[in-house]
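Accompanying notes for the structure given below.
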Amino acid sequence: MQRKTLRRWNNAVHRDLGYFFFGMTLIYAMSGIIMNHFKSGDFAHPDYSKRYEQLSVELPANGVADKTYALKVLEKVHEAKNFKSFVSGTGYVQVFFTNGSLYVDLLTGKAELEEKTPRYILKEFNLLHYNNIKRWFTWFSDAYAVGLILLAITGLFVLRGKNGIRWRGAILAMIGVIIPAIIILVYA
């Protein structure tokens, strides 16, 4: 009788935690895949894509790249209303706007426009994964981590018999521990 009650509680905890953390598991899994490919160099940034365009712009009339000039070159690319700031140096000015920047060579008038397009939904998933929110979300993500530990432990005891922890389950669990251990030994 005691074993049946424990198994029933084990299965109920496993089931309910699985339902409760379903959304977070999908978010973390998708964000994890994106971050793996970002770190391996498959794309430039996980939160946005970039587009580049070569342009020619007028040089400043008085030879000084000031805010007036920065706004003038942004008008050419229809971004003057999104102006943020500019940095000028010897022979160049870089003008920043909401979703990109414009680099201007002040000797030649050649410019490069860099536009960033947010990857909506993926950007928000990464926000959660990186825990940029902090505060209460830190506690929720800690509870999620504890929930995953409980899901892993209770999952070991859901099935009985040859597919459970006594045979097939034990083999798969050992493989699941051995593979990361080997990777850590080889690469750490």
- line: Counting Lys and Arg as +1 and Asp and Glu as -1 over every other residue whose Cβ sits under 13 Å from the Cβ of ARG8, the net charge comes to +4
- prompt: Can you list the chymotrypsin sites (Phe, Trp or Tyr not before Pro) in the range 102-188 that are in a DSSP coil and have 14 or fewer other beta carbons within 10 angstrom?
  reply: TYR120, TRP167
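What's the local net charge at TYR28, with K and R +1, D and E -1, over the other residues with C-beta under 14 Å away?
Numbers: positive: none; negative: GLU124, ASP142.
In short, -2.
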field: Shape metrics for the range 48-118, restricted to C-alpha atoms - Rg then Dmax, Å
entry: 11.2, 37
- prompt: What list do you get for ILE133, ILE165, ILE34 if you sort them by fewest beta carbons within 10 Å?
  reply: ILE133, ILE165, ILE34
- request: Using +1 at the Cβ of each Lys and Arg and -1 at the Cβ of each Asp and Glu in the chain, identify which of THR154, ILE182, THR25 lies farthest towards the dipole's positive end.
  value: THR154
Global size of the range 130-188 as Cα Rg and Dmax, reported in angstrom: 16.0, 45
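Using Cβ contacts closer than 10 Å as the measure, can you line up ILE175, ILE27 from fewest to most?
Details: ILE175 9, ILE27 18.
The most exposed by this proxy come first: ILE175, ILE27.
Out of the range 85-188, which trypsin sites (Lys or Arg not before Pro) are coil in DSSP terms and have no more than 13 other C-beta atoms within 10 Å?
On the way: sites: LYS110, LYS116, ARG119, LYS123, LYS134, ARG135, ARG160, LYS162, ARG166, ARG168; in loops: ARG119, LYS134, ARG135, ARG160, ARG166.
In loop regions of the range 85-188 (DSSP not H, G, I, E or B), the sparsely surrounded trypsin sites (Lys or Arg not before Pro) are LYS134, ARG135, ARG160, ARG166.
Relative to 2.2 N^0.38 Å, what does the C-alpha radius of gyration of the chain come to as a ratio? Two decimals please.
On the way: Rg = 26.9 Å, N = 188, 2.2 N^0.38 = 16.1 Å.
Its radius of gyration relative to the 2.2 N^0.38 Å reference: 1.67.
Read-outs throughout are calculated quantities, based only on the coordinates presented, and are distinct from any laboratory measurement. None of these values were measured; they are calculated from a predicted model. Cβ atoms come from the backbone with ideal geometry, glycine included; neighbour counts cover every protein chain shown.
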